[in-house]
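Working notes for the structure below.
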Amino acid sequence: MRSAAVTSGGDRIRWAELPGAEPARVYLHGLGSTSPAYFAASATHPLLAGRRSLLVDLLGHGHSDRPEEFSYTLEAHADALAQALDAAGAGAADGAEVIAHSMGGAVAIVLAARHPRLVSRLVLVDANLDPAPPVPTAGSSRIASYTEEEFLAGGWAEVRDRVGAHWWSTMRLAGRTALHRTAVHLAAGTTPTMRELLLELKIPRTYLVPAEDGPLAGAEELEAAGVAVVSVPDCGHNIMLDNPEAFARAAAAALTPA
């Protein structure tokens with residue numbers, strides 16, 4: 001486990017690091033998750049192993065610090081991550097390859113837009129691309145449907161009971177303020193939106209989507225802009241956990257230079 005201070009108060013982002021060849025490969029988790037738990041098997045899969053790999057926990061999540069004064073906007077997450085990658089030397093030379101799931105994918109897009117020297121390739125795993133209004137039934141939008149005061153006063157327990165044991169096993173590691181603020185800003189999205197930022201990036205980009213979800217909204221526009229949209233069979237939102245072999249094949253193909 002390694003770490004770097006990323007705020008003026010000295011709060012630290014931490015990551016599990018696997019040694020290997022450069023350029024570095026960075027793995028980013030989704031909301032309420034942690035990268036070592038979600039990506040350790042992928043990073044050591046024969047098709048993806050051998051690369052220096054940083055399994056990063058964003059601020060407020062997993063092993064990283066949980067500062068109460070941090071805003072937890074997508075831009076703030078991306079800027080803090082940029083400081084960690086600089087400290088790790090992970091963006092040296094031509095930048096790191098970034099594999100990012102769900103909310104982590106939204107942060108990765110913003111990272112690539114705000115700090116282009118740090119990212120050479122982007123693999124998005126069923127990532128958030130568009131603003132989503134808070135709703136009382138689904139994932140991050142459910143969390144965002146509470147005010148911060150409501151969530152801290154007991155809404156978090158209702159979310160715990162709804163999300164189930166698997167997600168809660170990592171969500172419980174996140175700071176409650178961090179979890180709520182991140183969900184709120186994820187639902188609000190960015191300006192321009194994450195989708196619009198993705199369309200403008202000039203690096204190789206791949207978007208992995210569960211085949212069972214049907215066609216990805218806006219796929220034609222993404223593909224016209226050079227984003228490869230790849231359907232992965234036999235999986236849900238957690239593609240890397242539900243179908244590790246297909247995920248490894250798709251990610252390896254996305255990271256292989258043409």
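One table, with the values for the structure above:
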| quantity | calculated |
| --- | --- |
| Contact order relative to length of the chain, as percent, for alpha carbon pairs under 8 angstrom and 6 or more apart | 20 percent |
| Beta bridges by DSSP in the chain, antiparallel share as percent, to the nearest 5 | 25 percent |
| Chain lengthening between D86 and A40 when straightened (0.36 nm per residue, less Cα-Cα) | 14.3 nm |
| Cα centroid separation - the stretch 239-258 against the stretch 1-49, whole Å | 17 Å |
| Distance between the stretch 153-206 and the stretch 53-117 - C-alpha centres, whole angstrom | 14 Å |
| Packing-based exposure ordering (other Cβ within 10 Å, fewest first) of R121, R114 | R114, R121 |
| Semi-axes of the equivalent ellipsoid for the stretch 1-91, Cα gyration tensor, largest first, Å | 23, 14, 10 |
| Long-range amide H partners of V26 with built H, under 5 Å | L54, E97, V98, I99 |
| Ordering of 153-159, 186-192, 75-81 by packing [mean C-beta count within 10 Å, highest first] | 75-81, 186-192, 153-159 |
| Rg/Rg_globular for the stretch 127-258, with Rg_globular taken as 2.2 N^0.38 Å and Rg from C-alpha atoms | 1.19 |
| Karplus 3J(HN,Hα) series, Hz, for the stretch 122-133 with 6.51 cos²θ - 1.76 cosθ + 1.60 (x for Gly, Pro) | 9, 10, 9, 10, 6, 7, 6, 10, 10, x, 9, x |
| Net length gained if the chain between A253 and D94 were fully extended (0.36 nm per residue, minus Cα distance) | 55.3 nm |
| Simple spin-label estimate for S71 and E245 in nanometres, 7 Å along Cα-Cβ | 4.6 nm |
| Label selected from (i) -0.43, -1.04, -1.38; (ii) -0.54, -1.13, -1.44; (iii) -0.43, -0.97, -1.24, the criterion being log10 I(q)/I(0) by the Debye sum over Cα atoms at q = 0.10, 0.15, 0.17 Å⁻¹ as computed here | (i) |
| Size of charge dipole - the stretch 1-159 - debye, nearest 20, with Cβ of Lys, Arg +1 and Asp, Glu -1, no other charges | 660 debye |
| Label-point separation, E149 to A211 (7 Å along Cα→Cβ), nm | 5.0 nm |
| A157-M1 FRET efficiency (beta carbon distance; Förster radius 25 Å; 0.05 resolution) | 0.25 |
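Each reported figure results from applying straightforward, stated rules to the coordinates on display, with no laboratory input. What you see is a predicted model, and the numbers here were worked out from it, not measured in a lab. Cβ: placed from backbone, ideal geometry, glycine included. Neighbour counts: every protein chain shown.
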